[in-house]
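Read the figures in this text as sums done on the coordinates, not as results from a lab. Small disclaimer: the values here were computed from a predicted structure and weren't measured. Neighbour counts are summed over all protein chains in view; Cβ atoms, including those assigned to glycine, are modelled from backbone coordinates with ideal geometry.
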Amino acid sequence: MSIIRSAVIIFSLMCVSACQKSSDQRLEKQSKVIIIYGSDTCDHCVDFKAQLDSVGLNYDFRDVEVNYNFTNEMLNKVQAARITGRINYPVVDIEGKILVAPALGEVLALM
């Protein structure tokens with residue numbers, strides 16, 4: 001019984017170590033700046049930030065409801081990207097590539 005318990009403990013420590021290395025490598029590989037425009041009261045924005053946090057990506061969150069300069073900045077970028085129609089949050093800028101309400105996979109594909 002103690003051999004099995006020791007093996008489980010060793011395996012668990014190996015998994016934790018591998019997960020930590022994987023997360024560290026993702027942070028080291030992040031060379032692009034991510035800007036998120038949204039609101040802290042927006043469930044989609046809160047969920048999206050949690051998803052980015054879970055994969056170890058850094059971002060600059062700009063709350064458009066608190067700072068109207070961020071609102072204008074976001075709208076100018078959306079217009080420059082020729083995005084029309086309804087604009088949902090979050091709006092994500094990855095070094096000039098504008099995404100509206102993207103899935104995590106879309107962001108990861110640009111990294």
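Can you tell me which residue within segment 72-99, out of those that are part of a loop (DSSP other than H, G, I, E, B) and in contact (Cβ under 8 Å) with a residue 40 or more places away in the chain, is nearest to LYS49 (Cα to Cα)?
Looking at the filtered set, the residue picked out is PRO90.
So which residues in segment 91-111 are surrounded by 16 or more Cβ atoms within 10 Å (Cβ to Cβ) and not hydrophobic (A, V, I, L, M, F, W, C), if there are any at all?
Matches in segment 91-111: ASP93, PRO102.
Where residues in segment 72-85 are among the β-branched types (Val, Ile, Thr) and surrounded by fewer than 16 Cβ atoms within 10 Å (Cβ to Cβ), which of them is farthest from ILE34 (Cα to Cα)?
THR84
Looking at segment 35-71, which of its residues are of a type in the set (D, E, K, R), out of contact with any Cys (no Cβ under 9 Å at 6 or more places or on another chain) and in a loop (DSSP other than H, G, I, E, B)?
Answer for segment 35-71, where residues must be of a type in the set (D, E, K, R), out of contact with any Cys (no Cβ under 9 Å at 6 or more places or on another chain) and in a loop (DSSP other than H, G, I, E, B): just ASP40.
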